[in-house]
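Worksheet: the structure to be examined is printed underneath.
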Amino acid sequence: MSAMLQDTNSTVVGAETEGELTDGFHLVIDALKLNEIETIYGVPGIPITDLGRLAQGAGMRVISFRHEQNAGNAAAIAGFLTKKPGICLTVSAPGFLNGLTALANATTNCFPMILISGSSEREIVDLQQGDYEEMDQLAIAKPLCKAAFRVLHAADIGIGVARAIRAAVSGRPGGVYLDLPAKLFSQVMDAEAGRKSLVKVIDAAPAQLPAPSAIARALDLLKNAKRPLIILGKGAAYAQADEDIRALVEKSGIPYLPMSMAKGLLPDTHPQSAGAARSQALKDSDVVVLIGARLNWLLSHGKGKSWGEPGSKKFIQIDIEPKEMDSNVEIAAPVVGDIGSCVAALLAGMGSSWPAPPADWVNALETRKEANLAKMAGRLKKNSTPMDFHAALGVLRTVIQERPDAILVNEGANTLDLARGVIDMYQPRKRLDVGTWGVMGIGMGFAVAAAIETGKPVLAVEGDSAFGFSGMEIETICRYNLPVCIVVFNNNGIYRGTDVNTSGTSDVATTVFVHDARYDLMMTAFGGVGVNVTTPDELRTAVDAAMNSGKPTLINAVIDPAAGSESGNIGSLNPQSIVKKK
Ligand code: ADP
Ligand code: MG
């Protein structure tokens, strides 16, 4: 199992003994494998080319990307899907910086990942003497991740990897940086001593039990609620406590709202889902249970108009991070611990009979939900050419309904906002999207990792603008022959394709792309399947064929350039000038 040096390298010039030797390259690989890390996402180059090569030779899956940001996003979402840190491997300075966006995004989203970057020599970097790709990477990474470590001696690789793994997955998960200078890789040491220096991390993410008094306080508050609501966030999806979460929701009878990446924890068609009555549920509830969801901008910070009258609400919050409590509003009943343990304790505390929530509250939400769903059903059936967003999404909604184990990756502005509402999810951790930052560019990295980690078919629903940030990775998808179907919602631009340049110069407007671009032809360039579709029926046929065959496919879905609104649902965050200048 252990990756020994090849025979040709096993004697080192000037070495005193000719015993079995190992080196930095092999120790890094052995340390990862010892901790059951089987996959590396990265981009080869100086000084880590041989690390990737040797890792592949040692039986790891090494997936090479075209840009480090996409490899980093793949590693981050692999961490979310598996609860093991996803590994991203990059070259020094520029490659490291490219990976850093993904590392910061992973940390923001509480996804465990480790960015491993090769770096230049300390002696030269620290004296700023101008090395190849010179940069003090450790210092730069530090504020953007949970923890950052550098290993200088081969004998410390085991400890360095162990610390990185613990830091990534324990407590609130997040991104970790591991700096490995070029010289480390070729450092040679006795193989037996090397083996002994490795650490198999025991209980990397220990259970954190909530205090019994915190559970009692929460249940007290919940029992007396008139209009209770549960909000499930992606922390709940990450925790993989699916059965207990479902039991808690069903035993309590409380209506629930899933945040976007918590969709499918219970099927969106569940009778207690208040997803289609979201505004009313937020506004009129009196006790809200947050399970792995933060009161950040995505929930209007727990205050303001969308939350109804000031003081009308009390919050119970379950989170592993104690400092999350009271971050935006007062939390009346903080429950600090891991979600699995907290939910189990709540269930136990509820005993064998728990009062159902008042019927008038449940019925009010049900009435609103039915009205909203009926309104949407009509829009989804429209068979217009060119298609609008709803006509195209109605098709994709059916595709996922028929294949509930497929993974949906989703980014864009309107493409994101509308798909989130229209496409129902049926199983946990099947919807992967732009997350806490609302960042564009996660698409192809997430799609690759979703296919690699789960072996399930992936449907990536992409705005034409969003797709551009990671589009070159369709070559990666074709190279590894992954079962990924990408649907580009092509409306010729950012938000819309109809913007005009008012300056009189010949440039097109700033939000407009090449009209009638054929993204499908990019896919055929790499041997994948490319299809251009203009109607819902054509879209249906093309997606079905792709999902059934598992062949890498890109469908260019022509969307009305006039469809779509500025910044999608979050136009209010995009300041617009009202000053008219001559
Ligand atoms: P969403 O965007 O879906 O609302 P957030 O990313 O805002 O979700 O919130 C996720 C929360 O879940 C974070 O506050 C994080 O600390 C918490 N969390 C993540 N994993 C666990 C876990 N295993 N147990 C408890 N809390 C967790
Ligand atoms: Mg667009």
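The values are calculated or read from the model by the stated rules, or taken from the named source; none is laboratory data. Note that the structure is predicted; figures quoted are calculated from it, not measured. All Cβ positions, glycine included, derive from the backbone under ideal geometry; neighbour counts span all protein chains shown. Each accessible area value is taken on the protein alone, full model and side chains, heavy atoms only, with ligands, DNA and RNA left out. Shrake-Rupley method; radii C 1.70, N 1.55, O 1.52, S 1.80 Å.
Does at least one position in segment 349-363 carry a residue that is away from ligand 2 (no atom under 16 Å from the Cβ), in a helix (DSSP H, G or I) and among the β-branched types (Val, Ile, Thr)?
Taking every residue of segment 349-363 in turn, at least one turns out to be away from ligand 2 (no atom under 16 Å from the Cβ), in a helix (DSSP H, G or I) and among the β-branched types (Val, Ile, Thr).
I'd like the residue in segment 222-238 that is touching a strand residue (DSSP E or B) at 6+ places or on another chain (Cβ under 9 Å) and open to solvent by 40 Å² or more (accessible area, probe 1.4 Å) and, out of all such residues, is nearest to ligand 1 (Cβ to nearest atom).
Let us first name the residues in segment 222-238 that are touching a strand residue (DSSP E or B) at 6+ places or on another chain (Cβ under 9 Å), namely 222, 224-233, 235-237.
Add one more test, that the residue is open to solvent by 40 Å² or more (accessible area, probe 1.4 Å), and what stays is 224, 226-227.
Working: 224: 25, 226: 25, 227: 21 Å.
The residue in question is 227.
Let's see how each residue does on (1) touching a residue at least 12 places away in the same chain (Cβ under 8 Å); (2) closer than 24 Å to residue 375 by Cβ; (3) hydroxyl-bearing (Ser, Thr, Tyr); (4) crowded, with 21+ Cβ neighbours inside 10 Å:
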residue: 278; (1), (2), (3), (4): yes, yes, no, no
residue: 294; (1), (2), (3), (4): yes, no, no, yes
residue: 298; (1), (2), (3), (4): yes, yes, no, no
residue: 308; (1), (2), (3), (4): yes, yes, no, no
residue: 311; (1), (2), (3), (4): no, no, no, no
residue: 315; (1), (2), (3), (4): yes, no, no, yes
residue: 318; (1), (2), (3), (4): yes, no, no, yes
residue: 322; (1), (2), (3), (4): yes, no, no, no
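In this structure, does residue 499 turn out to be modelled with pLDDT under 95 and either away from ligand 2 (no atom under 13 Å from the Cβ) or within 29 Å of residue 574 (Cβ to Cβ) (or both)? Spell out how you get there, then give the answer.
On the way: modelled with pLDDT under 95: yes; either away from ligand 2 (no atom under 13 Å from the Cβ) or within 29 Å of residue 574 (Cβ to Cβ) (or both): yes.
Taking the combined requirement at face value, the residue satisfies it.
If the Cβ limit is 6 Å and pairs must be 6+ apart or interchain, which residue in segment 504-521 that is assigned by TED's automatic domain parsing to the domain that holds residue 470 pairs with which residue that is of a type in the set (A, V, I, L, M, F, W, C) and part of a loop (DSSP other than H, G, I, E, B)?
Correct list of pairs: 509/500; 511/494.
For segment 332-343, which residues satisfy the criterion of being surrounded by fewer than 21 Cβ atoms within 10 Å (Cβ to Cβ) and among the hydrophobic types (A, V, I, L, M, F, W, C)?
332, 336 - these are the residues of segment 332-343 that are surrounded by fewer than 21 Cβ atoms within 10 Å (Cβ to Cβ) and among the hydrophobic types (A, V, I, L, M, F, W, C).
I want to confirm something. Restricting to segment 381-422 and keeping residues that are among the small types (Gly, Ala, Ser) and outside any loop (DSSP other than H, G, I, E, B), which single residue is surrounded by the fewest Cβ atoms within 10 Å (Cβ to Cβ)? Please lay out each step first, then the result.
At the first step, the residues of segment 381-422 found to be among the small types (Gly, Ala, Ser) are 384, 391-392, 394, 406, 412-413, 419, 421.
Next, from what is left, pick out any that are outside any loop (DSSP other than H, G, I, E, B): 391-392, 394, 419, 421.
On the way: 391: 23, 392: 31, 394: 22, 419: 27, 421: 18.
So the residue we want is 421.
This table checks each residue for (1) assigned by TED's automatic domain parsing to the domain that holds residue 492; (2) part of a helix (DSSP H, G or I); (3) surrounded by 24 or more Cβ atoms within 10 Å (Cβ to Cβ); (4) not small (Gly, Ala, Ser).
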| site | (1), (2), (3), (4) |
| --- | --- |
| 424 | yes, no, no, yes |
| 432 | yes, no, yes, yes |
| 438 | yes, no, no, no |
| 445 | yes, yes, yes, no |
| 448 | yes, yes, yes, yes |
| 453 | yes, yes, no, yes |
| 456 | yes, no, no, yes |
| 461 | yes, no, yes, yes |
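In segment 105-124, which residue that is open to solvent by 10 Å² or more (accessible area, probe 1.4 Å) and of a type in the set (A, V, I, L, M, F, W, C) is farthest from the chain's Cα centre (by Cα)?
124
State whether the residues of segment 67-87 include one that is more than 13 Å from the chain's Cα centre (by Cα), within 29 Å of residue 336 (Cα to Cα) and without any contact (Cβ under 8 Å) to a residue 24 or more places away in the chain.
Scanning segment 67-87 turns up no residue that is more than 13 Å from the chain's Cα centre (by Cα), within 29 Å of residue 336 (Cα to Cα) and without any contact (Cβ under 8 Å) to a residue 24 or more places away in the chain.
With 488, 529 as the choices, which residue is open to solvent by less than 80 Å² (accessible area, probe 1.4 Å), among the aliphatic types (A, V, I, L, M) and in contact with an Asp or Glu (Cβ under 8 Å, 6 or more places away or on another chain)?
Details: 529 fails: in contact with an Asp or Glu (Cβ under 8 Å, 6 or more places away or on another chain).
Sole residue among the options that is open to solvent by less than 80 Å² (accessible area, probe 1.4 Å), among the aliphatic types (A, V, I, L, M) and in contact with an Asp or Glu (Cβ under 8 Å, 6 or more places away or on another chain): 488.
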